[in-house]
Amino acid sequence: MSYFLTLHPSSLNLRFYLSVSCFTTLTNLFPTTSSQNQLNITKQTQKHLISLIKSCSKKTHFLQIHAHIILTSLIQDPTISLHLLSRISFSPFRETRYSRQIFDQIPNPNLSHFNTIIRAYSISNSPEQAFFLFKNMRQKCVPTSPLTCSFAIKSCIRFCSLIGGVQIHARILRDGVQACRVFDEISQRDTVAWNVLISCYIRNQRTRDALCLFDNMNSEENECKPDDVTCLLVLHACAQLGALEFGEKVHSFIEEHGYGDAKNVCNSLIAMYSRCGSLDKAYWVFKGIREKNVVSWSAMIHGFAINGHGREAIEAFEEMQRRSVLPDDQTFTGVLLACSHCGFVDEGMMFLDRMSKEFNILPNIHHYGCIVDLLGRAGLLDQAYQVIMSMEVKPDSTIWRTLLGACRIHGHVNLGERVVGQLIELKAQEAGDYVLLLNIYSSVGNWEKVKELRCFMKEKGIQTTPGCSTIELKGVVQDFVVDDVSHPRKDEIYEMLDEINKQLKIAGYVAEITSELHNLAAEEKGYALSYHSEKLAIAFGVLVTPPGTAIRVAKNLRICVDCHNFAKVLSGVYNREVIIRDRTRFHHFREGHCSCNDYW
DNA sequence: GTAGGGTTAG
């Protein structure tokens, strides 16, 4: 029997014991299995062996057990090998090198094996090995657990590896396990470490914290400064938040540090300015790019589209072709978006047709989303439904929700109910969907159904998202919720809102009540609407900014008809440009008018 | 071989 050949070449200790002293003892101690290659183990043998391993208190004894396990190929049994590894790693006679020998003999180490050996290394004199094994797990496609990460990070801290810690940190966040505290434990943070943290914050919708980190990086005590990648990340956060002033600050930083020539930075600036409703500045940046690529054009087209400048978006699309820049799928998303936001039904359908025929780009779910929105808002609900049913991509919850939004606009009860049914079937229904259905019922005055659905929602404990509007003042984003009383200047804000309401009534503003959910008397409804979060944010804007300054508000949900009218009349009476970005689009108001097709 | 990164429906 050539059992020596089955041994790992490095396991000299074991060779020694096997060849010199223990072999006879071992075979007497344990009945060996007949074949070394076939693992044939009963539950009882396993149990017996494990209790032996556990009770083993001397190294010599342990060595004997180990030798036997190798000899009988029982090392292939994952439970036995784990106990063996665990005992040698955390016993009074522990020795990391020996742990490693055993680990290397295990044919297919699993998560528990890795956790054990990584833990052993993390408290040993060679903690860097823990990190290498952690990386090894990825290469071998062994999934990691929070425990693994915790040991691996500890080891990185012990051998002062920033790179290691950052890599594990990124992986933890990618795997959805929160461990931002790790960052604080890194002694030497470089720009990349900061950038990773910012990126993770943005991915986890903590955009405001991302902006704070930019400021922290920029502070005097901090040695490593933001670089071009930091700027890209932070611009993205500004765009999401609608934080224009902060975005401008980042823009100045970019210019000061000479990042302004980088095309990716410029493209991000275009996106940031357009998503903050500052189309002029977006266009200014766009014009400054010498060699505009497809991303620059797409970003600009998208910017025109979301700001309600559909004609310019389409012109830009034509211009880019004259300049021989080939459009891609995202360019068409922008073009179709322009059509949807401006109600260009025929053109939208034509572009959908052209993109595959002329440009060989197959429409994706985003393109169909625009088309469904376009048809739905135009009141062509059946046609929109047909598009969903006929498209080659599987409809997702978002696309059904788009159609549901259109059902609300047009008070389409039957289709609305069917769409909610589809969402429930997809198991993707959200509180907001039921709210839209409530809106549909109340807009047609079906209070019976409203009551029924409200009861259902109460029974099921469905929590609706509270409406929240934000407005930025001197680079700080401020929140307002419905009937907000938490603001330090709440008295002034409510006073201002009352004053605004008086002025607007004189100008002919009447509270629009169909969108309100409750079956209240008209007067009460008017009252219930008066403290919507966007109105509070606007009142705050009027209060704290000098006359003539544009008021920019971002809202997490859809703006209601009444607030829309309120802002429209206000833009004329107070001579203020009002820009409200809600969940689905921008609403620009100037001199008593709305730049898009009014509410829709 | 060297982390983090540009435009994307509602």
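Details
- Count of region A:390-449 residues which are more than 29 Å from the chain's Cα centre (by Cα) and not in a helix (DSSP H, G or I): 6
- Among the conditions (1) modelled with pLDDT under 75; (2) assigned to a loop (DSSP other than H, G, I, E, B); (3) within 16 Å of DNA strand B (Cβ to nearest atom), residue A:182 misses just one, which is (2).
- Output for region A:40-52, where each listed residue is at pLDDT 75 or above and polar (S, T, N, Q): A:42, A:44, A:45, A:46, A:51
- Residue match in region A:247-260 (condition: within 11 Å of DNA strand B (Cβ to nearest atom) and out of contact with any His (no Cβ under 6 Å at 6 or more places or on another chain)): yes
- Verdict on residue A:392 being farther than 21 Å from residue A:409 by Cβ, away from DNA strand B (no atom under 13 Å from the Cβ), acidic (Asp, Glu) and not assigned by TED's automatic domain parsing to the domain that holds residue A:581: yes
- For residue A:457, the conditions (1) part of a helix (DSSP H, G or I); (2) farther than 25 Å from residue A:557 by Cα; (3) away from DNA strand B (no atom under 15 Å from the Cβ) all hold with the exception of (2).
- Residue identified as closer than 21 Å to residue A:140 by Cα and either at pLDDT below 75 or polar (S, T, N, Q) (or both) among A:37, A:110, A:125: A:110
- Single match in A:374, A:352, A:380, A:336 (criterion: within 31 Å of the chain's Cα centre (by Cα), outside the structural domain of residue A:585 (by TED's automatic domain parsing), of a type in the set (A, V, I, L, M, F, W, C) and more than 12 Å from DNA strand B (Cβ to nearest atom)): A:352
- Exactly one residue out of A:368, A:385 is of a type in the set (Phe, Trp, Tyr), away from DNA strand B (no atom under 13 Å from the Cβ) and part of a helix (DSSP H, G or I), and it is A:385.
- Given (1) within 16 Å of DNA strand B (Cβ to nearest atom); (2) over 22 Å from residue A:559 (Cα atoms); (3) acidic (Asp, Glu), index of the condition residue A:430 fails: (2)
- Candidate set from region A:203-245 (those that are part of a loop (DSSP other than H, G, I, E, B) and surrounded by 22 or more Cβ atoms within 10 Å (Cβ to Cβ)); member that is farthest from DNA strand B (Cβ to nearest atom): A:243
- Among (1) assigned to a helix (DSSP H, G or I); (2) closer than 17 Å to residue A:579 by Cβ; (3) not hydrophobic (A, V, I, L, M, F, W, C), the one test that residue A:277 misses: (1)
- Scan of region A:355-365 for residues that are of a type outside the set (Ser, Thr, Tyr) and more than 8 Å from DNA strand B (Cβ to nearest atom), ordered by number: A:355, A:357, A:358, A:359, A:360, A:361, A:362, A:363
- Whichever residue in region A:339-349 is within 13 Å of DNA strand B (Cβ to nearest atom) and not in a loop (DSSP other than H, G, I, E, B) and, among such residues, is nearest to residue A:415 (Cα to Cα): A:340
Let's see how each residue does on (1) part of a helix (DSSP H, G or I); (2) within 21 Å of the chain's Cα centre (by Cα); (3) among the basic types (Lys, Arg); (4) over 29 Å from residue A:594 (Cα atoms):
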residue: A:252; (1), (2), (3), (4): yes, no, no, yes
residue: A:261; (1), (2), (3), (4): no, no, no, yes
residue: A:269; (1), (2), (3), (4): yes, yes, no, no
residue: A:272; (1), (2), (3), (4): yes, yes, no, no
residue: A:298; (1), (2), (3), (4): yes, no, no, no
residue: A:301; (1), (2), (3), (4): yes, no, no, no
residue: A:305; (1), (2), (3), (4): yes, no, no, no
residue: A:308; (1), (2), (3), (4): no, no, no, no
residue: A:321; (1), (2), (3), (4): yes, no, no, yes
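- Odd one out for residue A:208, checked against (1) touching a strand residue (DSSP E or B) at 6+ places or on another chain (Cβ under 7 Å); (2) within 30 Å of residue A:315 (Cα to Cα): (2)
- Residues of region A:546-600 classified as part of a loop (DSSP other than H, G, I, E, B) and either acidic (Asp, Glu) or within 15 Å of DNA strand B (Cβ to nearest atom) (or both), total: 16
- Count of region A:149-163 residues which are farther than 19 Å from residue A:115 by Cα and of a type outside the set (Val, Ile, Thr): 3
- In region A:261-275, the qualifying residues are those that are closer than 14 Å to residue A:291 by Cα and not aliphatic (A, V, I, L, M), and the one that is farthest from DNA strand B (Cβ to nearest atom) is A:261.
- Where helices (runs of 4 or more DSSP H) sit wholly within region A:83-173, those with at least 1 residues that are within 16 Å of DNA strand B (Cβ to nearest atom) occupy A:128-139, A:146-158.
- Of all residues making up region A:69-97, the number that are acidic (Asp, Glu) and closer than 20 Å to residue A:133 by Cα: 1
- Residues of region A:96-107 satisfying the condition of being of a type in the set (A, V, I, L, M) and within 15 Å of residue A:137 (Cβ to Cβ): A:106
- Boolean, residue A:252 is within 22 Å of residue A:290 (Cβ to Cβ) and of a type in the set (S, T, N, Q): yes
Residue-by-condition table, conditions (1) outside the structural domain of residue A:555 (by TED's automatic domain parsing); (2) in contact with a helix residue (DSSP H, G or I) (Cβ under 6 Å, 6 or more places away or on another chain); (3) loosely packed, with under 12 Cβ neighbours inside 10 Å:
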{"residue": "A:453", "(1), (2), (3)": "yes, yes, no"}
{"residue": "A:458", "(1), (2), (3)": "yes, no, yes"}
{"residue": "A:481", "(1), (2), (3)": "no, yes, no"}
{"residue": "A:499", "(1), (2), (3)": "no, no, no"}
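The values are calculated or read from the model by the stated rules, or taken from the named source; none is laboratory data. None of the values given here were measured: they were computed from a predicted structure. All Cβ positions, even for glycine, are placed from backbone atoms using ideal geometry, and neighbour counts span all protein chains on display.
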